[in-house]
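These notes are about the structure you will find just below.
The values are calculated or read from the model by the stated rules, or taken from the named source; none is laboratory data. Here the structure is a predicted model, which means the values were calculated and not measured. Here the Cβ positions follow ideal geometry from the backbone for every residue, glycine too, while neighbour counts run over all protein chains shown.
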Amino acid sequence: MGAGFELQEKELTPQEIKNLQRKIRRLVEEKNAVILAHYYQRPEVQDIADFIGDSLELSRKAATTDADIIVFCGVRFMCETAKILSPHKKVLHPNPESGCPMADMVRADQVRDLRRKYPDAEFVAYINTTADVKAEVDICVTSANAPKIIKKLKSKKIVFLPDQALGEWISRQVPDKEFILWKGFCPPHFEFTAREVSKLKEKYPDAKVAVHPECHPKVIELADFVGSTSQIIKYATSVESRKVIVITEVGLKYTLQKINPYKEYIFPESMNYCGTVYCCTMKGITLPKVYETVKNETNEVLLPPDIMERARKPIEKMLAMS
């Protein structure tokens with residue numbers, strides 16, 4: 001996953017960062033734009049955002065604004081979701097090469113093949129999927145609402161994709177249904193091992209452990225709390241323990257420290273900015289790229305109208321059920 005933030009074109013000085021941030025915010029106001037940044041973005045990118053959050057949450061917030069342009073600092077499927085929910089707005093992606101490896105592990109034609117194999121199953125897609133895949137399923141879910149929604153589905157057989165770890169975690173909470181899991185995974189989250197988490201627990205015996213459900217089941221077993229990014233934020237900043245071991249992408253540390261700086265948030269050492277494990281596609285978005293994208297209105301996200309219409313339905317069904 002790389003040996004550091006080598007994806008930055010060059011190391012910017014603090015003054016260069018401030019100057020770029022001012023230029024970007026001025027352009028945003030002039031163009032009636034809104035900037036969205038996922039929690040895993042670089043701190044300097046988070047600092048210029050109008051909204052920071054999880055992917056679906058960000059897309060829903062942007063849809064309620066009167067902005068003409070949405071600049072989404074996240075991976076490709078997130079930009080697609082923003083376009084689906086705001087079809088009449090211009091959606092820009094600062095780094096089109098920033099895809100999601102997990103989302104790319106399943107294709108629409110593979111979902112259609114599964115339909116023929118499991119005609120009696122309901123097809124559930126994690127929101128972390130491409131628009132083409134969303135267009136082929138019955139309903140979408142997030143890591144926060146998945147157990148609640150799947151319990152309400154009529155079918156006893158569920159095809160869940162693309163994340164096998166999240167699917168396994170959900171299946172333990174909904175034991176009365178049969179799950180067929182697609183073998184996708186999130187590379188950064190799957191880098192965490194039960195061994196390194198156990199070592200952290202030994203080193204910080206009074207710390208609580210919060211784990212994202214995209215992690216390996218053996219890692220999840222060691223958690224005091226399992227939840228989505230937004231759920232981890234709420235837990236980690238409010239739990240009584242002063243120390244919290246956080247097993248997710250290191251970009252979240254910046255948000256945690258801003259919300260409650262009086263706690264110590266411990267991430268595995270491999271997840272620091274000079275380490276070897278982070279979401280390199282998220283970190284592929286830099287301030288210079290954001291500036292050029294806003295200035296020139298480049299990298300527009302475009303989707304076929306029929307795909308947007310079909311992909312919107314499973315999202316709307318999810319929102320209605322949750």
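Considering segment 212-268, the qualifying helices (runs of 4 or more DSSP H), each wholly inside and each with 3 or more residues that are under 27 Å from K183 (Cβ atoms), run over 217-220, 229-238. Counting just the residues of segment 218-243 that are among the small types (G, A, S) and over 20 Å from K199 (Cβ atoms), which one comes out farthest from the chain's Cα centre (by Cα)? Ranking the candidates gives S238 first. Note on segment 171-209: residues that are over 26 Å from Y265 (Cα atoms) and of a type in the set (A, V, I, L, M, F, W, C) amount to 5.
Residues of segment 90-106 being out of contact with any Ser or Thr (no Cβ under 8 Å at 6 or more places or on another chain), surrounded by fewer than 19 Cβ atoms within 10 Å (Cβ to Cβ) and in a loop (DSSP other than H, G, I, E, B), which ones? Spell out the reasoning first.
Kept after step one, since they are out of contact with any Ser or Thr (no Cβ under 8 Å at 6 or more places or on another chain), are these residues of segment 90-106: 90-91, 96, 102, 105.
Retained after the next criterion (residues that are surrounded by fewer than 19 Cβ atoms within 10 Å (Cβ to Cβ)): 90, 96.
Hit for segment 90-106 is P96, nothing else.
Can you say whether K201 is under 27 Å from A82 (Cα atoms), assigned to a helix (DSSP H, G or I) and of a type in the set (D, E, K, R), as far as the supplied structure shows? So K201 fails the test. Looking at A131, is it hydrophobic (A, V, I, L, M, F, W, C) and closer than 25 Å to I232 by Cβ? Spelling it out, it is not the case that A131 is hydrophobic (A, V, I, L, M, F, W, C) and closer than 25 Å to I232 by Cβ. In segment 290-322, what count of residues is obtained for those that are over 27 Å from L153 (Cβ atoms), within 20 Å of the chain's Cα centre (by Cα) and assigned to a helix (DSSP H, G or I)? Of the residues in that region, 1 qualify.
The set of residues from segment 184-216 being of a type in the set (D, E, K, R) and either touching a residue at least 24 places away in the same chain (Cβ under 8 Å) or closer than 18 Å to E249 by Cβ (or both) comprises E191, E196, K201, D206, K208, E214.
Being at pLDDT below 95 and closer than 21 Å to T142 by Cβ holds for only one residue in S98, S55, and it is S55.
Taken over segment 218-272, the criterion of being touching a residue at least 60 places away in the same chain (Cβ under 8 Å) and over 24 Å from F185 (Cα atoms) is satisfied by Y254, T255.
Say whether the condition of being under 24 Å from A131 (Cβ atoms) and either crowded, with 17+ Cβ neighbours inside 10 Å or at pLDDT below 95 (or both) is met by at least one residue in segment 231-244. No - not one qualifying residue is present in segment 231-244. Residues in segment 180-198 that are of a type in the set (A, V, I, L, M, F, W, C) and not in a loop (DSSP other than H, G, I, E, B): I180, L181, F190, A194, V197. Could we say that P213 is in the same structural domain as N145 (by TED's automatic domain parsing) and either surrounded by fewer than 21 Cβ atoms within 10 Å (Cβ to Cβ) or not charged (D, E, K, R) (or both) here? In short, no.
Scanning segment 180-192 for residues that are out of contact with any strand residue (DSSP E or B) (no Cβ under 9 Å at 6 or more places or on another chain) and either surrounded by 17 or more Cβ atoms within 10 Å (Cβ to Cβ) or within 19 Å of F225 (Cβ to Cβ) (or both) turns up P188, F190, E191. Here K263 meets the list (1) within 23 Å of C100 (Cβ to Cβ); (2) touching a strand residue (DSSP E or B) at 6+ places or on another chain (Cβ under 7 Å); (3) in the same structural domain as A194 (by TED's automatic domain parsing) almost entirely, failing just condition (1).
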